Amino acid sequence: MMMIMKDIKLKLTAISCILLILFMPVYSATVFAQDEEQTIEDKTPPSVNIEKPEEKVTEPFIDIKGTTNEPVVIEVSLNSNYYGTANSNEDNTISIGITLAEGENKIKINSTDAGGNSVINEFNVFCDSEQPQILYNNIYELNPAYTAEQTVKGQVNKADINIDIFVNEKKKYSGKSDSEGNFEIDINLDKSIKISTIDKTITVGTQEGNAWQNKIKIVATDDYGREATI
């Protein structure tokens with residue numbers, strides 16, 4: 001009987017130990033590792049495509065157009081002077097109006113993204129908005145002319161443009177204005193239209209009844225086909 005009781009106590013003790021082990025609270029913890037904040041430096045320049053303007057224009061205003069792959073700030077300089085600043089449009093298009101100076105215009109477009117990366121586009125545009133004008137000529141000073149060989153002189157407002165002299169709409173003599181707009185062109189007067197009196201047009205001959213009429217026309221034409229005529 002004593003042995004039985006001892007066995008029972010041992011078993012109860014063993015069961016208590018097992019229960020103690022089974023019912024001991026288990027604590028667990030989840031550890032989250034937080035990465036350090038990283039800054040990614042943008043060193044890639046924007047992709048900017050600017051449509052090349054015409055090299056020669058006759059109007060003093062042009063519209064610079066283009067596209068970009070991201071928002072950019074555009075700084076424009078004209079002939080090495082600051083002209084203005086603009087932003088690209090919401091659809092990443094570019095449209096900038098520029099008023100040109102007469103003559104040569106050096107345009108510089110600096111496009112900068114949010115990371116400070118820039119792309120530069122440069123263009124040269126020559127603006128010639130002036131119509132040709134004949135400022136002076138010596139036609140009336142040649143009347144009357146005593147020889148057929150004469151020199152028509154004059155001045156236009158533009159350098160290096162074509163000067164055509166027409167005699168009675170048949171003969172044509174051509175030349176160019178110099179750097180100051182002056183021109184001198186040798187012509188030969190015609191003896192096909194005989195007149196009895198000397199009038200305001202250029203004539204060949206000195207005596208009444210022995211004169212020939214010559215109508216002189218001067219045409220100045222610039223590189224764009226614009227003309228001035230007298």
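The values are calculated or read from the model by the stated rules, or taken from the named source; none is laboratory data. A quick note: this is a predicted structure, and the numbers were derived from the prediction, not measured. Glycine also receives a Cβ, built like all others from the backbone with ideal geometry; neighbour counts cover every protein chain displayed.
Scanning the range 48-100 for residues that are touching a residue at least 60 places away in the same chain (Cβ under 8 Å) and among the polar types (S, T, N, Q) returns a single hit, 58. The criterion of being assigned to a loop (DSSP other than H, G, I, E, B) and either more than 30 Å from residue 229 (Cα to Cα) or touching a Phe, Trp or Tyr at 6+ places or on another chain (Cβ under 7 Å) (or both) holds for residue 53.
Yes or no, residue by residue, for (1) of a type outside the set (Val, Ile, Thr); (2) outside the structural domain of residue 73 (by TED's automatic domain parsing); (3) closer than 30 Å to residue 55 by Cα; (4) in contact with a strand residue (DSSP E or B) (Cβ under 7 Å, 6 or more places away or on another chain):
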{"residue": "120", "(1), (2), (3), (4)": "no, no, yes, yes"}
{"residue": "156", "(1), (2), (3), (4)": "no, yes, yes, yes"}
{"residue": "163", "(1), (2), (3), (4)": "no, yes, yes, yes"}
{"residue": "175", "(1), (2), (3), (4)": "yes, yes, yes, yes"}
{"residue": "183", "(1), (2), (3), (4)": "yes, yes, yes, yes"}
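Within the range 219-230, being more than 12 Å from residue 176 (Cα to Cα) and out of contact with any Lys or Arg (no Cβ under 9 Å at 6 or more places or on another chain) holds for 225, 226, 227, 228. Taking every residue in the range 152-180 that is more than 20 Å from residue 140 (Cα to Cα) and pairing it with any residue that is of a type in the set (Lys, Arg) and part of a strand (DSSP E or B), at least 6 positions away or on another chain, the pairs with Cβ-Cβ distances below 7 Å are 160/176; 161/176; 162/176.
Please determine whether any residue of the range 7-16 is within 15 Å of residue 123 (Cβ to Cβ) and either at pLDDT below 95 or part of a strand (DSSP E or B) (or both). For the range 7-16, residues within 15 Å of residue 123 (Cβ to Cβ) and either at pLDDT below 95 or part of a strand (DSSP E or B) (or both): absent. Considering only residues that are touching a residue at least 24 places away in the same chain (Cβ under 8 Å) and either of a type in the set (D, E, K, R) or out of contact with any strand residue (DSSP E or B) (no Cβ under 9 Å at 6 or more places or on another chain) (or both), look in the range 122-150 and name the one that is surrounded by the most Cβ atoms within 10 Å (Cβ to Cβ). Here the answer is 128.
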